[in-house]
Amino acid sequence: MSSEKIRKIIDSSTPARRSMIDKLLHLPWFRDSSEETQKEILTLPEDFNGYIEDLTNRPDEIGSLDIIRLSKITKGSFLITSIFIVRSATNNQEYTYEYVSWKTGSYTGVRGIIFLERNDQITHFLVSKKFRFSTSEEEMESIGGLFSHIENNQILNLPKKIEDEIRFHLNLPKIKFTRIIDLGRVNPDFGMTNNSATVFVAIINIDHLPHDIVQNNFRTSHKLLNFEIKIVNIKEFPDYVQKIHDGYFLAAAAKILTSDKINLES
């Protein structure tokens, strides 16, 4: 039975949050969590609803582990760590188990590789270069966004700064993809996070552009952002696959190289 404090939280919640609370209160591991932990979950800001929705789908058993209760959460600006008390069905020992989630939930948009095509032949590909706080280094990586998704052969909600950077590079008024291939979901690290994203390959036709598509005056006419798009000749694709560390780029490359959906031979 919910305490008076929990009932007050329920009464003051939005309809969407109340629906999630109702699901949580039917889960034994959540009911057995401390009232303090329950309150912390139920009063998270609205932009954590994706995380809470994921919690409503967590079972009481995962493989050989019985989920006893949620011990505590540690919240940052973008990520949240959930620490559970679990019991092993093999030796009956109890210990903690944890995972990291984005506040928006387990699904984190789309990431992929954009190719340029001339006369039905792939000529170039695009990579993003950006300093990453987690590694403290400049990384080359795939292109996409947290809230992006694929619909009607277009990438919707592609971050405007990425779209603008590509347009400026190619001197295009608007980006139009002639083809997008959804390559399915990818999980970057099952041991640490429930995060997954859709990986894709997209093609922009450049038949109407000059053969020298890299503008020499590009950076003098457009200021450097906190990232940079590079246009790379397709002949260098194998070299980049070897030196790029981004798992989403590598997953998209592996899926496309082992399929017959796009011919990358120049």
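For the residues ILE68, ILE83, the requirement of being without any contact (Cβ under 8 Å) to a residue 60 or more places away in the chain, among the aliphatic types (A, V, I, L, M) and surrounded by fewer than 16 Cβ atoms within 10 Å (Cβ to Cβ) singles out ILE83. Residues that are within 27 Å of GLY184 (Cβ to Cβ), in contact with a Gly (Cβ under 8 Å, 6 or more places away or on another chain) and at pLDDT 95 or above occur at least once in region 112-127.
Taking the criterion of being of a type in the set (Val, Ile, Thr) and within 27 Å of ASP54 (Cβ to Cβ), the residues of region 102-154 that qualify are THR104, THR108, VAL110, THR135, ILE143, ILE150. Residues in region 98-107 that are part of a strand (DSSP E or B) and polar (S, T, N, Q): SER101 alone. Answer yes or no as to whether ASP66 is under 18 Å from TYR99 (Cβ atoms) and in contact with a Pro (Cβ under 7 Å, 6 or more places away or on another chain). Judged against the criteria, ASP66 is not a match. For region 198-218, the condition holds for at least one residue, the condition being that it is surrounded by 12 or more Cβ atoms within 10 Å (Cβ to Cβ), in the same structural domain as ASN233 (by TED's automatic domain parsing), not aliphatic (A, V, I, L, M) and not in a strand (DSSP E or B). Taking the criterion of being within 27 Å of the chain's Cα centre (by Cα) and not in a helix (DSSP H, G or I), the residues of region 8-64 that qualify are THR14, THR43, LEU44, PRO45, THR56, ASN57, ARG58, PRO59, ASP60, GLU61, ILE62, GLY63.
Among the residues of region 108-117, are any surrounded by 13 or more Cβ atoms within 10 Å (Cβ to Cβ), in the same structural domain as LEU156 (by TED's automatic domain parsing), part of a strand (DSSP E or B) and more than 24 Å from the chain's Cα centre (by Cα)? Yes, that holds for at least one residue.
Residues checked against (1) more than 21 Å from the chain's Cα centre (by Cα); (2) more than 23 Å from ASP22 (Cβ to Cβ); (3) in a loop (DSSP other than H, G, I, E, B); (4) not assigned by TED's automatic domain parsing to the domain that holds LEU27:
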{"residue": "LEU70", "(1), (2), (3), (4)": "yes, no, no, no"}
{"residue": "THR81", "(1), (2), (3), (4)": "no, yes, no, no"}
{"residue": "PHE84", "(1), (2), (3), (4)": "yes, no, no, no"}
{"residue": "ARG87", "(1), (2), (3), (4)": "yes, yes, no, no"}
{"residue": "ASN91", "(1), (2), (3), (4)": "yes, yes, yes, no"}
{"residue": "THR96", "(1), (2), (3), (4)": "yes, yes, no, no"}
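The values are calculated or read from the model by the stated rules, or taken from the named source; none is laboratory data. None of the values given here were measured: they were computed from a predicted structure. As a convention, Cβ positions derive from the backbone with ideal geometry for all residues, glycine included, and neighbour counts pool all protein chains shown.
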